[in-house]
Amino acid sequence: MRTHYCGELTSAQVEETVTFCGWVHRRRDHGGVIFLDVRDREGLVQVVFDPDVEDVFNTADRVRSEYVVRITGRVRPRPEGTVNPNMRTGEIEVLGKEIEVLSASQTPAFPLDNYSPVGEDVRLKYRYLDLRRTEMQEKLILRSKITSSVRKHLEAQGFLDIETPILTRATPEGARDYLVPSRTHAGEFFALPQSPQLFKQLLMVSGFDRYYQIAKCFRDEDLRADRQPEFTQIDMEASFVNEEDIMGMTETMIRGIFKDTLGVEFGEFQHMPFSEAMEKYGSDKPDLRIPLELVSVDDLMGEVEFKVFSGPAKDDDGRVATLLLPKGSELTRKQIDDYTKFVGIYGAKGLAYIKVNDKSDLENGLQSPIVKFLPVEVRQALLERLDANDGDLIFFGADKANIVNDALGALRCKLGADLDLYTQEWAPLWVVDFPMFEKTKEGHLTALHHPFTAPSCSPEALKAAPEKALSRAYDMVLNGVELGGGSIRIHDPAMQQTVFEVLNIDEAEQQEKFGFLLDALKFGAPPHGGLAFGLDRLVMLITGAESIREVIAFPKTQTAACVMTDAPGEVAPEQLRDLHIRVRKPVTEEK
Ligand code: ASP
């Protein structure tokens, strides 16, 4: 139907007769001459219709925004002074000779020819129109380049693309499952995979050696943060490898993708133990673009008369930490109040601070509601430890360690963003040496990664002190975002048994949930490990999008629904009967 895309016409085609198809982006009537900007995925081209051929002119006059047209015309240089250097096609225009309307359009729900702020619900309802906008086209085109780069780099390293089932059993990533009722097995359900974890391990047992898949994963979580119920992972697994091998291979891939798509070259990634990340950044995904660090001062605060500090300082689970903001004295009362509210979200009961006005005057040079509680020696030691200077501001967190870490860790990122403290554009790193387990609120242990992650100690040591055990897991972090994570797996049935014991998963439950994996481990399982990257987050970072919804063609809303297709929806009674299901609707409370 066409000889060219609209967006690829340049001076190279001058004097040629070309045919292209696309959407009418804009129509202008310049006193007897009609200008149409016609758009396709490659860009826009300007077409001019003179009134000399009447029916052609009348058709051009009749078309409206978003009509689909096919145009034949002659490419010519734009008249002097009308060249647009910002457009690929900006040096030329097309003199229209024929125009055919392939499809008419109603007036779209929002204009597409200029930026207009439209609510996300409207954009999602008319997603097919929203996706016509250049920014959205660019993001999805870049997404496609990224997945193609992923495949190129993994295939170059010998990874095979193998699909794993979508209708399966629960997979152990710790979220709620999406269930699918079985028609042929009354009362039984499939679960959609939270990840291909177990299957990729089985593929290693089968000897495929290196597997990857761009895999859909499903997790029925509360969508508080920027999450989607279905999302995409770059999932991989390899045999006869240790953690250095996996980190090396995946780092090569990520470096390759950034080079291919943005032309950015990363140096070698730093490796940071989990304990250091928590100590200095209060987070297991530190944003190293921000040059602020948490510093512990428990040892200085144990004996002060201020219980808010001395309590947590003496508590084994507590922490007193500072965050020094250079030149922070310039913050206003209002700003500090806002930051106090902000840390409240993370459970902090307040946000103590000291403004360092004159560090040589320990009596009167420190300005703060709490300074009177700190003996002069403590003030002195504090300023020395933090290397504080006049004009700096010191924030404090004092509480259970996890609250302090969450609150000051988040404050650090917020200050970085609000005050634009970034020192570099990209800050990738590996976080390593994670603990094997964490304690739930109810006090029992759960796997920090998943229960197939190998510990870095022996089964005996693991049993003796599970809370101290470290795992062979690793996370790749970029700009404070966890891009991916994985681990070396347990390939020894006895070790797997020990982990289940520590987790209090009894024999019956083990068999019920993962019997097939435990069996497989008995038939010659190679040492293996892997990792999964969140593709949506990766694309979000590379495209600079604000949310993962911006880089997914048809995302769900915050309530896990699709406003365009109106899914989820009710189904016919016969369908329910086939599935052996009787629906019990929640009783809605009377207002
Ligand atoms: N299956 C893990 C996840 O989804 C990744 C991995 O361990 O490879 O987080």
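The values are calculated or read from the model by the stated rules, or taken from the named source; none is laboratory data. All figures in this text were calculated on a predicted structure; none of them were measured in a lab. Quick reminder, even Gly has a Cβ in these numbers, built from the backbone with ideal geometry, and neighbours come from all protein chains shown. For the accessible areas, the whole protein counts, side chains as well, though only heavy atoms, and no ligand, DNA or RNA atoms are used. Shrake-Rupley method; radii C 1.70, N 1.55, O 1.52, S 1.80 Å.
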Residue that is nearest to E155 (Cα to Cα), among those in region 197-219 that are among the aliphatic types (A, V, I, L, M) and in a strand (DSSP E or B): I214
Counting just the residues of region 203-237 that are within 11 Å of the ligand (Cβ to nearest atom) and among the aliphatic types (A, V, I, L, M), which one comes out farthest from the chain's Cα centre (by Cα)? M236
Can you say whether Q194 is within 16 Å of the ligand (Cβ to nearest atom), crowded, with 17+ Cβ neighbours inside 10 Å, under 24 Å from C562 (Cβ atoms) and modelled with pLDDT of 95 or more, as far as the supplied structure shows? yes
Taking region 217-236, which residues are within 24 Å of K145 (Cβ to Cβ), among the hydrophobic types (A, V, I, L, M, F, W, C) and open to solvent by 10 Å² or more (accessible area, probe 1.4 Å)? F231
Tell me whether region 159-177 contains one or more residues that are of a type in the set (K, R), surrounded by 13 or more Cβ atoms within 10 Å (Cβ to Cβ) and in a helix (DSSP H, G or I). no
Sort out which residues of region 552-574 are surrounded by 12 or more Cβ atoms within 10 Å (Cβ to Cβ) and farther than 30 Å from A427 by Cβ, and write them in order of number. F554, K556, T557, A560, A561, C562, V563, M564, V571
Pull up region 157-191, narrow it to residues that are over 26 Å from S239 (Cα atoms) and of a type in the set (F, W, Y), then point me to the one that is farthest from the ligand (Cβ to nearest atom). F189
May I ask you to list the residues in region 5-26 that are closer than 22 Å to A104 by Cα and either open to solvent by less than 70 Å² (accessible area, probe 1.4 Å) or among the acidic types (D, E) (or both)? Y5, C6, G7, T19, F20, C21, G22, V24, H25
Just the residues that are of a type outside the set (A, V, I, L, M) and open to solvent by 60 Å² or more (accessible area, probe 1.4 Å), please, taken from region 99-117. E100, Q106, T107, P111, N114, Y115, P117
Taking the residues in region 332-366 that are more than 35 Å from the chain's Cα centre (by Cα) and open to solvent by 30 Å² or more (accessible area, probe 1.4 Å) as candidates, determine which candidate is nearest to L383 (Cα to Cα). K359
Sort out which residues of region 479-502 are within 29 Å of the chain's Cα centre (by Cα) and away from the ligand (no atom under 16 Å from the Cβ), and write them in order of number. N479, G480
Scan region 435-464 and report the pairs whose first residue is within 16 Å of the ligand (Cβ to nearest atom) and whose second residue is acidic (D, E), with Cβ atoms within less than 7 Å and a gap of 6+ or a chain change. F437/E467; T446/E438; L448/E438; H450/E173
Out of E237, E230, sole residue that is touching a residue at least 24 places away in the same chain (Cβ under 8 Å), over 28 Å from Q511 (Cβ atoms) and touching a Phe, Trp or Tyr at 6+ places or on another chain (Cβ under 6 Å): E230
Determine, yes or no, whether T232 is of a type in the set (S, T, N, Q) and closer than 18 Å to R489 by Cα. no
Checked against (1) without any contact (Cβ under 8 Å) to a residue 60 or more places away in the chain; (2) surrounded by 18 or more Cβ atoms within 10 Å (Cβ to Cβ), G486 satisfies every condition except (1)
Of these, T82, T59, which one is among the polar types (S, T, N, Q) and modelled with pLDDT of 95 or more? T59
Within region 237-301, which helices (runs of 4 or more DSSP H) (wholly inside it) include 3 or more residues that are surrounded by fewer than 17 Cβ atoms within 10 Å (Cβ to Cβ)? 243-262
Complete set of residues in region 238-253 that are closer than 17 Å to F452 by Cβ and within 13 Å of the ligand (Cβ to nearest atom): A238, V241, E243, I246
Scan region 59-80 for residues that are more than 45 Å from the chain's Cα centre (by Cα) and of a type in the set (D, E) and jot them down. D61, E80
Pick from region 126-157 the residues that are among the aliphatic types (A, V, I, L, M) and open to solvent by less than 30 Å² (accessible area, probe 1.4 Å): which of them is nearest to E546 (Cα to Cα)? M136
If a residue counts only when it is within 30 Å of N504 (Cβ to Cβ), which helices (runs of 4 or more DSSP H) contained entirely in region 350-467 have at least 3 such residues? 401-418, 459-464
Consider only pairs whose beta carbons are under 7 Å apart and that are at least six residues apart or on different chains; among these, list those whose first residue lies in region 146-160 and is over 14 Å from M249 (Cβ atoms) and whose second residue is open to solvent by 10 Å² or more (accessible area, probe 1.4 Å) and of a type in the set (S, T, N, Q). I146/T261; S149/T261
In region 302-326, what residues are part of a helix (DSSP H, G or I) and surrounded by fewer than 17 Cβ atoms within 10 Å (Cβ to Cβ)? K307, G311, K314
Only one of these conditions is not met by S329: (1) in a helix (DSSP H, G or I); (2) open to solvent by less than 20 Å² (accessible area, probe 1.4 Å); (3) in contact (Cβ under 8 Å) with a residue 60 or more places away in the chain. Which number is it? (2)
Are any residues in region 184-199 among the polar types (S, T, N, Q) and more than 19 Å from F452 (Cβ to Cβ), and if so, which ones? T184
Being part of a helix (DSSP H, G or I), within 16 Å of the ligand (Cβ to nearest atom), modelled with pLDDT of 95 or more and open to solvent by 20 Å² or more (accessible area, probe 1.4 Å) is the filter here; which residues of region 512-551 pass it? R537
Just to check your reading of the model, which residue among V571, V551 is among the hydrophobic types (A, V, I, L, M, F, W, C), farther than 17 Å from F218 by Cβ and in contact (Cβ under 8 Å) with a residue 40 or more places away in the chain? V551
Pick from R74, R123: which is outside any loop (DSSP other than H, G, I, E, B) and open to solvent by less than 40 Å² (accessible area, probe 1.4 Å)? R123
